[in-house]
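J.: What follows is a structure written as structure tokens; I'll ask about it next.
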Amino acid sequence: MVVLFQLPLVNVVQAQTDEDLDSEYGGRLSLSVDKKLARGLHLALEEEARFDNDFKSFDRFQSTLSLSYKINKSFKVGIGYALINGYSTTDSSFKNSRHRFMADASYGVRFGDWRFSIKERFQMTYRTGEMNEYQNPRTVFGLKSRLKVQYKGFEK
């Protein structure tokens, strides 16, 4: 079993408008647990909290459960579910929940101290609660791509 703790990431948001806006800082704090069920098969649980408004307010809480299988040393597939709860600072309650379903595939190769990988993720997000469905659809589909390059030489 692997337990990971991730320090807050800092996000800087700047909008392009006619007025000058101050930069807004935010971050996220996450904790994940990964359990090996069988050779190449892993079950993971991740809890994440996000903060905004210069770390003064709580933005959302996200719980993710995923299952991944490493087909060989280069290719891995996975599925997952995330429950996303936004937080409203005006009435101090959780906003409308979102349900996200994910399916992904990743491929990676090593060349000496370098590792190159690509990950494709298809996701569907279902929004609950009151909304104008003509402006914001209740169900949103997306495809995310990630290209990653890692260098292991500094760790020696």
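J.: List the pairs whose first member sits in the range 29-45 and is touching a residue at least 40 places away in the same chain (Cβ under 8 Å) and at positive phi, whose second member is part of a strand (DSSP E or B) and open to solvent by less than 50 Å² (accessible area, probe 1.4 Å), and whose Cβ atoms are under 8 Å apart, counting only residues at least 6 apart or on separate chains?
T.: Short answer, once both residue conditions are applied: none.
J.: Then there is this: Would you be able to tell me the number of residues in the range 114-138 that are open to solvent by less than 50 Å² (accessible area, probe 1.4 Å) and out of contact with any Ser or Thr (no Cβ under 9 Å at 6 or more places or on another chain)?
T.: The number of residues fulfilling the criteria is 1.
J.: Moving on. Scan Asp54, Asp59 and give me the residue that is modelled with pLDDT under 90 and out of contact with any Lys or Arg (no Cβ under 8 Å at 6 or more places or on another chain). Step through it out loud before you land on a result.
T.: Values: Asp59 fails: out of contact with any Lys or Arg (no Cβ under 8 Å at 6 or more places or on another chain).
Checking each option against the conditions leaves just Asp54.
J.: Out of Leu143, Leu65, Leu83, report the one residue that is exposed (fewer than 14 other Cβ atoms within 10 Å of the Cβ) and touching a Leu at 6+ places or on another chain (Cβ under 6 Å). Quick ask: steps written out before the conclusion?
T.: On the way: Leu143 fails: touching a Leu at 6+ places or on another chain (Cβ under 6 Å); Leu83 fails: touching a Leu at 6+ places or on another chain (Cβ under 6 Å).
Going through Leu143, Leu65, Leu83 in turn, the sole match is Leu65.
Quick grid of which residues meet (1) modelled with pLDDT under 95; (2) of a type outside the set (D, E, K, R):
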| site | (1), (2) |
| --- | --- |
| Asn85 | yes, yes |
| Arg98 | yes, no |
| Phe101 | no, yes |
| Gly112 | yes, yes |
| Phe122 | no, yes |
| Gly129 | yes, yes |
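The values are calculated or read from the model by the stated rules, or taken from the named source; none is laboratory data. This is a predicted model, so every value here is computed, not measured. Cβ coordinates were reconstructed from backbone atoms using ideal geometry, including for glycine residues, and neighbour counts include every protein chain displayed. Side chains included, ligands, DNA and RNA excluded: accessible areas come from the protein's heavy atoms. Shrake-Rupley method; radii C 1.70, N 1.55, O 1.52, S 1.80 Å.
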